[in-house]
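Have a look at the structure below, then the notes.
What follows is calculated from the coordinates using simple rules that are stated; it is not laboratory data. Since the model is a prediction, treat every value here as computed from it, not as a measurement.
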Amino acid sequence: MTSDVQEAPLQEAPLPPEPMPAPAPKLTGREKRWQRRRRRRVFEEVLGWILVPIIIASIYWGVKAGLNAAGTSPTAIVQGIRALISGGAQQP
């Protein structure tokens, strides 16, 4: 008994060509404007979440550096204000 072994790869049946998807309908002017507005709002939100903390930290460090350059600190200013408030109320 003999068996024939095929060493070449089996050929697959050719697939039928896939149908082309229908082109998306063109957007109207209002729809395009709506998309631009939506993208801009999302961009502004993301930018706000990134820039606002950076701006707040920069202001804090700037005030602290300015007070340090003037030879004082925020703690000293708060203590001075408390002293003025408590001392000013006791004077006639």
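What the table shows:
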{"read-out": "Residue-wise HN-Hα coupling along the stretch 66-78, computed from phi with Karplus coefficients 6.51, -1.76, 1.60 (Hz; x: Gly, Pro)", "value": "x, 5, 5, 5, 7, x, 9, 9, x, 5, 5, 5, 4"}
{"read-out": "3J(HN,Hα) from dihedral phi, the stretch 50-60, Karplus parametrisation 6.51/-1.76/1.60, rounded to Hz, x for glycine, proline", "value": "8, 7, 4, x, 5, 5, 5, 4, 5, 5, 4"}
{"read-out": "Cα-Cα P(r), the stretch 39-90, percent of pairs per 5 Å interval", "value": "4, 17, 13, 13, 12, 11, 9, 8, 6, 4, 2, 0, 0"}
{"read-out": "Length released on extending from residue 61 to residue 35, taking residue separation times 0.36 nm less the Cα-Cα span", "value": "5.5 nm"}
